[in-house]
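The values are calculated or read from the model by the stated rules, or taken from the named source; none is laboratory data. All figures in this text were calculated on a predicted structure; none of them were measured in a lab. Note that we place each Cβ from the backbone using ideal geometry, even for glycine, and neighbour counts take in every protein chain shown.
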Amino acid sequence: MALRTIRIAGDPVLTRKCREVKEMTPRLKELIDDMFETMYESSGVGLAAPQVGILKRICVIDTTGENPLVLINPVITEREGEQTGDEGCLSLPGKAAQVTRPMKVVVEALDRDMNPVVLTGEELLARAMCHEIDHLDGHMYTEFAEGPVHDVTYEDEDEEEEE
Ligand SMILES: [Zn+2]
């Protein structure tokens, strides 16, 4: 495993639409391992492949530190309720802004063995799923921000979830 360089907002790779994964390969498994390592190293709760420069529909999420999820070709099939709160992104370090997301989503995806899975996410997990899937279509949370993108102060940093 190896750490990958996280692309920062302004990098055109973050605005591109990613391609579907057709088959799992040793290289893609290595990419997934590296994405988890890079995400944990940065104290993030999610990371999408374009954030490390790979235009494939893959994201990794772990909102609790104990529930690593791999989402390949994910599609949101149900949305329920809403939540408004501060959101951050590893591609925009030290910043956050208010974004409204569904309170609950159902996502259909493939796991790392390309088996179909149906995942339900609520609260932070729902937010992370929406945020990461947006990355696969070239979207950053700042496009949906309801207030100014503000600096995260040092005191608040422990409470921020950066995706
Ligand atoms: Zn992000």
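Side notes on the structure shown:
- Those residues of region 102-125 which are closer than 21 Å to Leu47 by Cβ and either in contact with an Asp or Glu (Cβ under 7 Å, 6 or more places away or on another chain) or not in a strand (DSSP E or B) (or both), in sequence order: Pro102, Val105, Asp111, Arg112, Asp113, Met114, Val117, Glu123, Leu124, Leu125
- Here the condition is being at pLDDT 95 or above, at negative phi and of a type in the set (Asp, Glu); of Asp113, Asp156, it holds for Asp113 alone.
- When we screen Thr15, Thr38, Thr5 for residues that are in contact with a strand residue (DSSP E or B) (Cβ under 7 Å, 6 or more places away or on another chain) and in contact (Cβ under 8 Å) with a residue 12 or more places away in the chain, the only hit is Thr38.
- Scanning region 25-71 for residues that are crowded, with 23+ Cβ neighbours inside 10 Å, among the β-branched types (Val, Ile, Thr) and touching a Cys at 6+ places or on another chain (Cβ under 9 Å) turns up just one, Ile58.
- Where a residue in region 122-140 is surrounded by 23 or more Cβ atoms within 10 Å (Cβ to Cβ) and its partner, wherever it lies, is aromatic (Phe, Trp, Tyr), with Cβ under 8 Å and at least six apart: His131/Tyr141
- Cβ-Cβ contacts under 7 Å between residues 6 or more apart (or on different chains), taken from a first residue in region 45-60 that is more than 16 Å from Glu20 (Cα to Cα) to a second residue that is modelled with pLDDT of 95 or more and among the acidic types (Asp, Glu), are listed as Val45/Asp62; Gly46/Glu132.
- Failed item, numbered, when Arg4 is tested on (1) over 26 Å from Ala145 (Cα atoms); (2) in contact with an Asp or Glu (Cβ under 6 Å, 6 or more places away or on another chain); (3) loosely packed, with under 13 Cβ neighbours inside 10 Å; (4) of a type outside the set (Ser, Thr, Tyr): (3)
- Of the criteria (1) out of contact with any helix residue (DSSP H, G or I) (no Cβ under 9 Å at 6 or more places or on another chain); (2) within 12 Å of the ligand (Cβ to nearest atom), which one His135 fails: (1)
- Applying the criterion of at least 1 residues that are modelled with pLDDT of 95 or more and away from the ligand (no atom under 14 Å from the Cβ) to the strands (runs of 3 or more DSSP E) found wholly in region 1-99 leaves 69-80, 83-87.
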